[in-house]
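One structure is given below, encoded as C-alpha coordinates.
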Amino acid sequence: MKKNSIIVILIISVFGNRPIAFSQDLHFSQFYNSPLLTNPANTGFIPDGDYRLGVNYRNQWSSIMSVPYKTMSAFGDVQALQNKDNTGWLGLGGVILHDVAGSGQLTTTRVYGSVAYHQMINLGSLLSLGFNVGWANKQINVTNLKFPDQFDGHFFDSHLPTGVILASNNISYLDIQTGMNYAYFPNEKMYLNAGFSAMHINRPRESFFNPQPGIDNRIPIRYVGFLNGSFMVNSQWIINPNAYYTNQAKSSEFVLGMNAHYNLSGDGDNVLIGGLYYRSGDAIIPLIGLGYKDLTFTFSYDATISTLKNYNNTRGAFEFSLIKQGTFDKYMGNRRQSMCPSFRNF
(Lines give C-alpha, C1' and ligand atoms only; values in the text may rest on other atoms or scores of the structure.)
Protein backbone atom coordinates (compact mmCIF):
# COMPACT_ATOMS: atom_id res chain seq x y z
CA MET A 1 0.00 0.00 0.00
CA LYS A 2 2.81 2.41 0.78
CA LYS A 3 4.33 1.79 -2.63
CA ASN A 4 1.01 2.34 -4.38
CA SER A 5 0.41 5.52 -2.40
CA ILE A 6 3.72 6.96 -3.52
CA ILE A 7 2.93 6.12 -7.16
CA VAL A 8 -0.50 7.74 -6.91
CA ILE A 9 1.02 10.90 -5.42
CA LEU A 10 3.56 11.08 -8.24
CA ILE A 11 0.87 10.62 -10.90
CA ILE A 12 -1.32 13.32 -9.37
CA SER A 13 1.66 15.67 -9.20
CA VAL A 14 2.14 15.21 -12.95
CA PHE A 15 -1.48 15.63 -14.01
CA GLY A 16 -3.81 16.69 -11.20
CA ASN A 17 -7.31 17.54 -12.44
CA ARG A 18 -6.61 20.73 -14.38
CA PRO A 19 -4.12 22.09 -16.94
CA ILE A 20 -0.67 22.72 -15.49
CA ALA A 21 2.82 23.42 -16.78
CA PHE A 22 5.49 20.77 -16.47
CA SER A 23 8.34 22.73 -14.94
CA GLN A 24 10.69 20.33 -13.16
CA ASP A 25 14.03 20.36 -14.98
CA LEU A 26 16.21 17.34 -15.58
CA HIS A 27 19.74 17.42 -14.21
CA PHE A 28 22.39 15.19 -12.66
CA SER A 29 23.87 14.83 -9.17
CA GLN A 30 27.26 14.91 -10.91
CA PHE A 31 26.60 18.45 -12.15
CA TYR A 32 30.36 19.02 -12.52
CA ASN A 33 30.41 16.21 -15.13
CA SER A 34 27.53 17.62 -17.20
CA PRO A 35 29.04 21.04 -17.95
CA LEU A 36 26.89 22.17 -20.88
CA LEU A 37 23.66 21.40 -18.99
CA THR A 38 24.90 23.27 -15.92
CA ASN A 39 25.96 26.44 -17.76
CA PRO A 40 26.23 27.28 -21.49
CA ALA A 41 29.35 29.35 -20.69
CA ASN A 42 31.10 26.02 -19.99
CA THR A 43 31.10 25.36 -23.75
CA GLY A 44 34.74 25.17 -24.78
CA PHE A 45 35.80 25.96 -21.21
CA ILE A 46 38.25 23.06 -20.93
CA PRO A 47 41.11 24.09 -18.63
CA ASP A 48 43.35 21.13 -19.55
CA GLY A 49 42.40 20.31 -23.14
CA ASP A 50 41.13 21.36 -26.56
CA TYR A 51 38.08 19.12 -26.85
CA ARG A 52 35.75 17.10 -24.63
CA LEU A 53 33.21 14.29 -25.16
CA GLY A 54 30.96 12.86 -22.47
CA VAL A 55 27.98 10.68 -21.61
CA ASN A 56 25.89 10.65 -18.43
CA TYR A 57 23.28 8.18 -17.19
CA ARG A 58 20.96 8.34 -14.16
CA ASN A 59 18.51 5.72 -12.86
CA GLN A 60 16.15 6.98 -10.13
CA TRP A 61 13.46 5.46 -7.88
CA SER A 62 13.85 1.90 -9.14
CA SER A 63 13.13 0.66 -5.60
CA ILE A 64 9.60 2.17 -5.47
CA MET A 65 8.62 2.49 -9.12
CA SER A 66 7.80 -0.44 -11.39
CA VAL A 67 9.22 1.69 -14.21
CA PRO A 68 12.13 3.80 -12.85
CA TYR A 69 13.08 7.24 -14.13
CA LYS A 70 15.99 7.05 -16.56
CA THR A 71 17.94 10.11 -17.71
CA MET A 72 20.68 10.03 -20.34
CA SER A 73 22.79 12.70 -22.00
CA ALA A 74 25.64 12.97 -24.48
CA PHE A 75 27.67 16.10 -25.14
CA GLY A 76 30.72 17.37 -26.94
CA ASP A 77 32.52 20.70 -27.14
CA VAL A 78 35.67 22.12 -28.62
CA GLN A 79 37.83 25.24 -28.51
CA ALA A 80 38.03 27.11 -31.82
CA LEU A 81 39.20 30.36 -33.42
CA GLN A 82 41.92 31.00 -30.85
CA ASN A 83 43.69 34.32 -31.21
CA LYS A 84 47.45 34.44 -31.79
CA ASP A 85 48.48 34.70 -28.15
CA ASN A 86 45.88 32.16 -26.90
CA THR A 87 44.15 34.74 -24.67
CA GLY A 88 40.74 34.46 -26.32
CA TRP A 89 38.82 31.71 -28.07
CA LEU A 90 35.39 30.50 -29.08
CA GLY A 91 33.72 27.41 -27.64
CA LEU A 92 31.38 25.37 -29.83
CA GLY A 93 29.39 22.36 -28.68
CA GLY A 94 26.17 20.44 -28.49
CA VAL A 95 24.23 18.28 -26.02
CA ILE A 96 21.42 15.73 -26.24
CA LEU A 97 19.26 15.00 -23.18
CA HIS A 98 16.77 12.13 -23.07
CA ASP A 99 14.57 11.09 -20.14
CA VAL A 100 11.86 8.44 -19.71
CA ALA A 101 9.78 8.66 -16.53
CA GLY A 102 7.25 6.33 -14.94
CA SER A 103 4.44 4.11 -16.15
CA GLY A 104 3.16 6.82 -18.48
CA GLN A 105 6.54 6.81 -20.24
CA LEU A 106 6.76 10.58 -20.00
CA THR A 107 9.55 11.07 -22.52
CA THR A 108 11.62 14.23 -22.72
CA THR A 109 14.12 14.86 -25.51
CA ARG A 110 16.18 18.03 -25.80
CA VAL A 111 18.81 18.87 -28.40
CA TYR A 112 20.92 22.01 -27.95
CA GLY A 113 23.59 23.80 -29.92
CA SER A 114 25.88 25.82 -27.68
CA VAL A 115 28.40 28.63 -28.14
CA ALA A 116 30.55 30.64 -25.72
CA TYR A 117 33.36 33.18 -25.87
CA HIS A 118 36.29 33.07 -23.42
CA GLN A 119 38.64 35.96 -22.79
CA MET A 120 41.66 36.22 -20.51
CA ILE A 121 41.41 39.52 -18.62
CA ASN A 122 44.84 39.30 -16.98
CA LEU A 123 47.52 36.68 -16.36
CA GLY A 124 45.39 34.80 -13.82
CA SER A 125 41.74 35.41 -14.74
CA LEU A 126 39.34 34.31 -17.43
CA LEU A 127 35.82 35.57 -18.19
CA SER A 128 33.33 33.55 -20.26
CA LEU A 129 29.88 34.26 -21.68
CA GLY A 130 27.73 31.70 -23.49
CA PHE A 131 24.27 30.65 -24.58
CA ASN A 132 22.56 27.69 -26.15
CA VAL A 133 19.47 27.30 -28.28
CA GLY A 134 17.62 24.08 -28.76
CA TRP A 135 14.57 22.03 -29.56
CA ALA A 136 12.62 20.32 -26.79
CA ASN A 137 9.97 17.62 -27.12
CA LYS A 138 7.74 15.86 -24.59
CA GLN A 139 5.52 12.85 -25.16
CA ILE A 140 3.34 10.77 -22.85
CA ASN A 141 1.43 7.50 -23.05
CA VAL A 142 -1.70 7.69 -20.88
CA THR A 143 -2.71 4.05 -21.45
CA ASN A 144 -1.13 2.81 -18.22
CA LEU A 145 -2.00 5.85 -16.09
CA LYS A 146 -4.81 6.10 -13.58
CA PHE A 147 -6.44 9.33 -12.46
CA PRO A 148 -8.14 10.48 -9.22
CA ASP A 149 -11.67 10.25 -10.68
CA GLN A 150 -11.08 6.55 -11.51
CA PHE A 151 -10.78 5.61 -7.82
CA ASP A 152 -13.83 3.59 -6.72
CA GLY A 153 -13.09 3.86 -3.00
CA HIS A 154 -10.92 0.74 -2.92
CA PHE A 155 -8.99 0.52 -6.17
CA PHE A 156 -8.20 2.47 -9.33
CA ASP A 157 -10.30 1.14 -12.20
CA SER A 158 -8.95 2.10 -15.64
CA HIS A 159 -12.33 1.15 -17.18
CA LEU A 160 -14.04 4.03 -15.40
CA PRO A 161 -14.34 7.26 -17.43
CA THR A 162 -12.04 10.14 -16.57
CA GLY A 163 -12.41 13.88 -16.90
CA VAL A 164 -8.70 14.33 -17.59
CA ILE A 165 -8.50 15.11 -21.30
CA LEU A 166 -5.26 15.93 -23.07
CA ALA A 167 -5.20 18.31 -26.00
CA SER A 168 -2.08 16.53 -27.23
CA ASN A 169 0.29 13.85 -25.98
CA ASN A 170 3.20 15.24 -28.04
CA ILE A 171 4.48 18.82 -27.74
CA SER A 172 7.60 20.66 -28.95
CA TYR A 173 9.06 24.12 -28.39
CA LEU A 174 12.16 26.32 -28.70
CA ASP A 175 14.31 26.62 -25.57
CA ILE A 176 17.06 29.18 -24.81
CA GLN A 177 19.67 29.33 -22.00
CA THR A 178 22.46 31.78 -21.15
CA GLY A 179 25.27 31.96 -18.60
CA MET A 180 28.62 33.40 -17.57
CA ASN A 181 31.73 32.09 -15.80
CA TYR A 182 34.76 33.51 -14.06
CA ALA A 183 37.96 31.50 -13.46
CA TYR A 184 40.89 32.46 -11.24
CA PHE A 185 44.19 30.55 -11.48
CA PRO A 186 47.10 32.37 -9.80
CA ASN A 187 49.46 29.40 -10.12
CA GLU A 188 49.62 25.77 -11.28
CA LYS A 189 48.47 24.46 -7.89
CA MET A 190 45.28 26.48 -7.41
CA TYR A 191 42.17 26.99 -9.52
CA LEU A 192 38.75 28.54 -8.73
CA ASN A 193 35.72 28.80 -10.99
CA ALA A 194 32.31 30.41 -10.34
CA GLY A 195 29.37 30.60 -12.71
CA PHE A 196 25.77 31.71 -13.01
CA SER A 197 23.20 30.73 -15.62
CA ALA A 198 19.52 31.21 -16.46
CA MET A 199 17.55 28.45 -18.19
CA HIS A 200 14.39 28.85 -20.31
CA ILE A 201 14.85 32.59 -20.63
CA ASN A 202 12.28 32.65 -23.45
CA ARG A 203 9.75 30.99 -21.07
CA PRO A 204 8.27 28.54 -23.60
CA ARG A 205 4.80 27.08 -23.11
CA GLU A 206 4.82 23.46 -21.96
CA SER A 207 1.53 21.66 -21.35
CA PHE A 208 -0.44 18.73 -22.73
CA PHE A 209 -3.64 20.69 -22.04
CA ASN A 210 -5.37 23.52 -23.88
CA PRO A 211 -4.62 27.03 -22.54
CA GLN A 212 -7.15 28.35 -20.04
CA PRO A 213 -7.53 31.80 -18.45
CA GLY A 214 -5.58 32.12 -15.20
CA ILE A 215 -3.42 29.05 -15.89
CA ASP A 216 0.23 29.82 -16.63
CA ASN A 217 1.67 27.09 -18.86
CA ARG A 218 5.03 28.82 -19.36
CA ILE A 219 8.14 27.19 -17.91
CA PRO A 220 9.56 29.30 -15.04
CA ILE A 221 13.11 30.54 -15.49
CA ARG A 222 15.55 28.31 -13.66
CA TYR A 223 18.61 29.95 -12.09
CA VAL A 224 21.81 28.01 -11.44
CA GLY A 225 24.92 29.05 -9.52
CA PHE A 226 28.02 26.98 -8.88
CA LEU A 227 31.51 27.20 -7.38
CA ASN A 228 34.31 24.77 -8.24
CA GLY A 229 37.84 24.58 -6.96
CA SER A 230 40.93 22.49 -7.56
CA PHE A 231 43.95 22.40 -5.27
CA MET A 232 47.11 20.36 -5.67
CA VAL A 233 48.21 19.19 -2.22
CA ASN A 234 51.32 17.42 -3.55
CA SER A 235 52.36 15.26 -6.50
CA GLN A 236 50.01 12.50 -5.28
CA TRP A 237 46.81 14.35 -4.33
CA ILE A 238 44.46 16.89 -5.93
CA ILE A 239 41.25 17.87 -4.12
CA ASN A 240 38.22 19.40 -5.84
CA PRO A 241 35.49 21.06 -3.71
CA ASN A 242 32.17 21.84 -5.43
CA ALA A 243 28.98 23.73 -4.56
CA TYR A 244 25.79 23.97 -6.62
CA TYR A 245 22.52 25.83 -6.12
CA THR A 246 19.48 26.00 -8.36
CA ASN A 247 16.10 27.67 -7.99
CA GLN A 248 13.04 27.36 -10.18
CA ALA A 249 9.65 28.80 -9.17
CA LYS A 250 9.27 27.67 -5.53
CA SER A 251 11.68 24.72 -5.78
CA SER A 252 15.37 24.83 -4.93
CA GLU A 253 18.31 22.47 -4.54
CA PHE A 254 21.68 22.84 -2.85
CA VAL A 255 24.55 20.36 -3.28
CA LEU A 256 27.89 20.62 -1.48
CA GLY A 257 30.88 18.29 -1.37
CA MET A 258 34.27 17.41 -2.75
CA ASN A 259 36.22 14.72 -4.55
CA ALA A 260 39.90 13.79 -4.42
CA HIS A 261 42.19 12.45 -7.13
CA TYR A 262 45.06 10.11 -6.19
CA ASN A 263 47.96 9.66 -8.62
CA LEU A 264 48.32 5.89 -8.90
CA SER A 265 50.96 5.68 -11.61
CA GLY A 266 53.07 8.73 -10.75
CA ASP A 267 52.71 10.25 -14.22
CA GLY A 268 48.99 11.05 -13.99
CA ASP A 269 47.92 8.37 -16.49
CA ASN A 270 46.18 6.29 -13.81
CA VAL A 271 44.11 8.13 -11.21
CA LEU A 272 41.84 6.89 -8.42
CA ILE A 273 38.87 9.16 -7.60
CA GLY A 274 36.73 9.27 -4.46
CA GLY A 275 34.30 11.83 -3.10
CA LEU A 276 31.28 12.63 -0.99
CA TYR A 277 28.44 15.12 -1.59
CA TYR A 278 25.36 16.24 0.31
CA ARG A 279 22.08 17.38 -1.23
CA SER A 280 20.37 19.49 1.41
CA GLY A 281 17.54 17.65 3.13
CA ASP A 282 17.50 14.85 0.56
CA ALA A 283 20.55 12.64 0.06
CA ILE A 284 24.15 11.72 0.80
CA ILE A 285 26.02 11.06 -2.46
CA PRO A 286 29.24 9.00 -2.37
CA LEU A 287 31.35 8.94 -5.53
CA ILE A 288 34.06 6.63 -6.87
CA GLY A 289 35.91 6.68 -10.17
CA LEU A 290 38.97 5.96 -12.25
CA GLY A 291 41.00 8.04 -14.67
CA TYR A 292 43.00 6.39 -17.42
CA LYS A 293 44.97 8.74 -19.67
CA ASP A 294 42.33 10.96 -21.33
CA LEU A 295 39.30 8.98 -20.04
CA THR A 296 37.53 9.51 -16.71
CA PHE A 297 34.78 7.25 -15.36
CA THR A 298 32.83 8.13 -12.20
CA PHE A 299 29.95 6.40 -10.41
CA SER A 300 27.78 7.98 -7.70
CA TYR A 301 24.85 6.82 -5.59
CA ASP A 302 22.11 8.97 -4.05
CA ALA A 303 21.42 7.52 -0.59
CA THR A 304 18.11 9.05 0.52
CA ILE A 305 18.03 10.68 3.97
CA SER A 306 14.64 12.42 3.67
CA THR A 307 11.35 10.87 4.83
CA LEU A 308 11.20 9.04 1.50
CA LYS A 309 13.82 6.66 2.94
CA ASN A 310 10.94 4.93 4.79
CA TYR A 311 9.65 3.77 1.39
CA ASN A 312 12.79 3.25 -0.68
CA ASN A 313 15.14 2.02 2.09
CA THR A 314 17.54 4.91 1.23
CA ARG A 315 17.89 3.61 -2.36
CA GLY A 316 17.43 6.81 -4.34
CA ALA A 317 19.41 6.81 -7.59
CA PHE A 318 22.63 5.74 -9.19
CA GLU A 319 24.53 7.66 -11.81
CA PHE A 320 27.62 7.31 -13.96
CA SER A 321 29.66 9.58 -16.17
CA LEU A 322 32.28 8.87 -18.83
CA ILE A 323 34.31 11.78 -20.18
CA LYS A 324 37.11 11.92 -22.73
CA GLN A 325 39.11 15.08 -23.23
CA GLY A 326 42.43 15.89 -24.79
CA THR A 327 44.48 18.07 -27.11
CA PHE A 328 44.67 18.00 -30.88
CA ASP A 329 48.47 18.09 -30.86
CA LYS A 330 49.84 15.95 -28.05
CA TYR A 331 53.38 17.18 -28.70
CA MET A 332 52.72 20.91 -28.64
CA GLY A 333 49.91 20.65 -26.11
CA ASN A 334 47.88 23.67 -25.10
CA ARG A 335 49.26 26.65 -23.17
CA ARG A 336 46.04 26.85 -21.15
CA GLN A 337 46.66 23.42 -19.62
CA SER A 338 48.38 25.12 -16.67
CA MET A 339 45.07 26.76 -15.68
CA CYS A 340 43.99 23.66 -13.77
CA PRO A 341 46.20 21.60 -11.41
CA SER A 342 47.37 18.45 -13.17
CA PHE A 343 49.62 15.56 -12.22
CA ARG A 344 51.14 15.79 -15.69
CA ASN A 345 52.56 19.23 -14.96
CA PHE A 346 54.98 17.79 -12.42
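The values are calculated or read from the model by the stated rules, or taken from the named source; none is laboratory data. Here the structure is a predicted model, which means the values were calculated and not measured. Every residue, glycine as well, gets a Cβ built from its backbone with ideal geometry; the counts of neighbours run over all protein chains shown. Note: accessible area is taken over every heavy atom of the protein model, side chains too, but ligands, DNA and RNA are not part of it. Shrake-Rupley method; radii C 1.70, N 1.55, O 1.52, S 1.80 Å.
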| query | How many nm is it between the label spots at Asn59 and Leu256, if each spot is 7 Å from the Cα in line with the beta carbon? | reply | 3.2 nm
| query | If the label point is 7 Å along Cα→Cβ of Met72, which residues in the range 98-135 have backbone nitrogen under 16 Å from it? | reply | 98-102, 105-111
| said: Cut-off under 17 Å on the C-alpha distance; same-chain residues fewer than 8 positions from Lys84 excluded. Which aspartates and glutamates are left, in chain and number order? | reply: Asp50, Asp329
| note | Reported to the nearest 10 Å², Trp61 has, with a 1.4 Å probe, an accessible area equal to 50 Å²
| field | Heavy-atom accessible area per residue - the range 187-336, 1.4 Å, Å² | value | 53 Å²
| query | What order do you get for 239-245, 117-123, 177-183 when each peptide is scored by the mean count of other beta carbon atoms within 10 Å, highest first? | reply | 177-183, 239-245, 117-123
| message | So, R0 is 56 Å and r is the distance between the beta-carbons of Tyr117 and Thr162; what FRET efficiency does that work out to, to 0.05? | response | 0.65
| query | Ser125 versus Leu26, label points 7 Å from Cα toward the beta carbon: distance in nm? | reply | 3.8 nm
| Once you put a point 7 Å from the Cα of Phe151 and another 7 Å from the Cα of Asp329, both along the Cβ direction, what distance in nm separates them? | 6.8 nm
| query | FRET efficiency for Asp85 and Lys189, Cβ-Cβ distance as r, R0 = 25 Å, nearest 0.05? | reply | 0.55
| said: Going 7 Å from the Cα of Phe196 along its beta-carbon direction, which residues of the range 82-117 have the amide nitrogen within less than 19 Å of the resulting point? | reply: 117
